[in-house]
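Please read the structure below before turning to the comments.
No value in this document is a laboratory result; all are computed from the given coordinates. Since the structure is predicted, the reported quantities are computational estimates derived from the model, not experimental observations. Counting neighbours? That spans all protein chains shown, and the Cβs are built from the backbone with ideal geometry, glycine included.
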Amino acid sequence: MIRAWLTQHGFVLFLTLKRLISTPLTTLFSIIVMGIALSMPTGIYVFMKNLQSVTGEAANSPQMSLFLRKEINNEDIAKIKWNLEHNANIVSLQFVSKDAALQQLQQSNGLTDITSNLQHNPLPDAFVIHTTQNTSDKLEQLRAEIQNWPEVEHVQFDSAWLERLNALLKLGRFVVLMLAAILSVAIIAIMFNTIRLQILTKHDEIEISKLIGATDSFIRRPFLYFGTIQGLASGASAWFIVTFSIELINKEAVAFTHLYGIDLYLQHLSPHDSISLIAFSALLGWLGARLSVASHLWQIEPQ
């Protein structure tokens, strides 16, 4: 029973592939058009995911800088360190002495001559801390609390960038969902029309099949395979378009990023995202074919 079922599906799959190969240009253009449509939301998704990965560590563990008063001594520094280490909202901290800060400043490009002419070190001792809080209200409360410590001169934290980042990521996710929804409907419509034309072309063949007793599932099976395979190929096409585009961007960005001393490299789609893209596109192709068959096949009845 199972062997007969597999044989039937294998035979239909072979015929469907043969039909696709028989019209290579039409098939290729359809796959490319649908692949381009799918690559647009996928490309935005990849960009947003790269942006989130680059800034994710900073967003998940925001950083504050605590600048200490100049007259502070070692006992005060030890006291502040103890308070910070026992604060549940702080996950890590680093003490930066004023001498170390000046040395880092001297090593910066373009500042060597300026720092070498300084009569004394104007920089204060500081702590750099990373917090567990990632909302602007909680971070502002923590900043205000530490600012009230007598040994602390100033606490620096820009909460606006975090709000802008979250708003940008939220907007990006919304754009991806909207584009994916609109283009998914477009792909289903393309496949619906493609299968409709095939049904009209094979009207006589379908009528004869029904006359000799072919079931509806047997008749619609080739069309469903056709839509699924085209959707699958369109997903693969979108994957190649996005991958190729990322490679081009990475090559062009190397020279630009080196000028600013940073290393920027866009990550490709993960294996999970790649499989999801191809499976989703195959589902769209199947759904378009299924809707078209359900809408038109019943209209053909043997005379």
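Mind giving me the nanometre distance, one decimal, between the label points for Glu145 and Val33, set 7 Å out from Cα along Cα→Cβ?
So the label points at Glu145 and Val33 sit 6.1 nm apart.
Stretched out fully, how many nm does the piece from Leu171 to Gln63 gain, at 0.36 nm a residue minus the Cα gap?
36.5 nm
Going by C-beta contacts inside 10 Å, put Glu153, Glu247 in order with the fewest on the left.
Ordered from fewest to most neighbouring Cβ atoms within 10 Å, Glu153, Glu247 come out as Glu247, Glu153.
What ranking do Leu102, Leu38 get, fewest neighbouring Cβ atoms within 10 angstrom at the top?
Starting with the residue having the fewest Cβ neighbours, the order is Leu102, Leu38.
Among the lysines, select those whose C-alpha is under 27 Å from the C-alpha of Lys202, and discard any that sit fewer than 8 residues away in the same chain.
Candidates past the 8-residue exclusion: Lys18, Lys210.
Return the subset of Lys98/Lys170; Lys49/Lys98; Lys49/Lys251 for which the Cα-Cα distance in this structure is over 28 Å, preserving the input order.
Those over the limit are Lys98/Lys170; Lys49/Lys98.
Can you compute the modelled spin-label distance between Asn250 and Lys138, with each label point 7 Å from Cα toward Cβ, in nm?
Between Asn250 and Lys138, the label points sit 3.5 nm apart.
For His154, His296, His130, which order do you get if you count the other beta carbons within 10 Å of each Cβ and list the fewest first?
If I rank by nearby Cβ atoms, fewest first, I get His154, His130, His296.
Quick one: if you stick a label point 7 Å off each Cα along the C-beta vector at Leu200 and Thr26, how many nm between them?
The two pseudo-label positions are separated by 1.2 nm.
Tell me which residues come under 5 Å, amide H to amide H, from Val91 once H is placed; ignore anything under 5 positions away on its chain.
Residues meeting the amide H criterion: His130, Thr131, Thr132.
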